[in-house]
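Heads up, the thing below is written out as structure tokens.
The values are calculated or read from the model by the stated rules, or taken from the named source; none is laboratory data. Keep in mind that this is a model prediction, so the values were computed, not measured. For neighbour counting, all protein chains shown are included, and Cβ atoms are generated from backbone atoms with ideal geometry for every residue, glycine included.
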Amino acid sequence: MPSVTKGAPLDRIMRPVHRWVWGDVDRRLRKLLTFADVETDGGRDILRAAEVTPDPLLRRLYLEHAIDELRHGELFRERGAALVRARRTWRKVLFAGNPLPGGHGLDDLSIEGQPDYRLLAFLHVAEKAAAGRFTIYRELVDDDPETRAIFEQILRDEVFHMNYTYTQLTRVSPQGYRRHVWHARAKRLWNRYLRIAAAMAGLFGGVALTAMYFVLLPPFVWFARRAERREPTGWTSISRNGNQSPRSQY
């Protein structure tokens, strides 16, 4: 498998947006902390894969892979902590959370009941995408040598993970490895579509509720005030000839 040097076409198209994200120190910090969580969670999942696989070679490779992911999480977390200490102020910025996908997408990883060929295909696609994205990130943090060094170190591991998963996939499933890779890519795209659709649904729902608040509520307020003006002020007199008890609630 050739080494990743340029990143995926979509990531290259989105390069100005990536530059905008990494150009702000606060957004950079949040991305690093997000990467730390993703890498750590992915390491735990792959460690579980090492426990359940019946293949001794894959067990050793999965264990090495899991150790790498956990170490990557610590590198990102330590760098994030260093940026926090270096920052004297904390300001809220636009799209401060995570406006772009990052890391591996290993949150979609399912271990239990999965055959090795399916897990290898998923890991290969995820590691290849991460390697291409980290290549772009490395170029965008030239003003931060420490962060760039972390990306360079992790990128070497990602390329190794990408290559070993593909090699082992061809060994485990020599007849259908290409089909498994395409299936993993399609599933990854579908999961990304679902996340985007959910985010857009939340956005449109918020806009619709806001529009309803400003469009539908004012007429009710107007009718309420109009009815209030028709009401007599002060106490309402009660006829003395009435048969109702003064102690009755009604």
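Pairs are defined by a Cβ separation below 6 Å, a sequence spacing of at least 6 or placement on different chains, a first member in the range 181-208 that is closer than 19 Å to Tyr117 by Cβ, and a second member that is modelled with pLDDT of 85 or more; the pairs so defined are Val181/Ala121; Ala184/Ala121; Ala184/Phe122; Ala184/Val125; Arg185/Val125; Arg188/Val125.
Here's the yes/no breakdown for (1) more than 30 Å from Leu123 (Cβ to Cβ); (2) modelled with pLDDT under 85; (3) among the aromatic types (Phe, Trp, Tyr); (4) more than 38 Å from the chain's Cα centre (by Cα):
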site: Arg188; (1), (2), (3), (4): no, yes, no, no
site: Asn191; (1), (2), (3), (4): no, yes, no, no
site: Arg195; (1), (2), (3), (4): no, yes, no, no
site: Leu209; (1), (2), (3), (4): yes, no, no, no
site: Met212; (1), (2), (3), (4): yes, yes, no, no
site: Arg225; (1), (2), (3), (4): yes, yes, no, yes
site: Arg230; (1), (2), (3), (4): yes, yes, no, yes
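State whether one or more residues within the range 164-172 are more than 20 Å from the chain's Cα centre (by Cα), under 16 Å from Gly43 (Cβ atoms) and free of Cβ contacts under 8 Å to residues at least 60 places away in the same chain. Checked against the condition, which is being more than 20 Å from the chain's Cα centre (by Cα), under 16 Å from Gly43 (Cβ atoms) and free of Cβ contacts under 8 Å to residues at least 60 places away in the same chain, the range 164-172 yields at least one hit.
All conditions but one from (1) touching a helix residue (DSSP H, G or I) at 6+ places or on another chain (Cβ under 7 Å); (2) at pLDDT below 85; (3) of a type in the set (Val, Ile, Thr) apply to Val221; the one that does not is (1). Note on the range 23-39: residues that are under 27 Å from His65 (Cα atoms) and touching a Lys or Arg at 6+ places or on another chain (Cβ under 8 Å) total 4. Where helices (runs of 4 or more DSSP H) sit wholly within the range 1-77, those with at least 2 residues that are at pLDDT below 95, under 23 Å from Tyr177 (Cα atoms) and of a type in the set (A, V, I, L, M, F, W, C) occupy 25-52.
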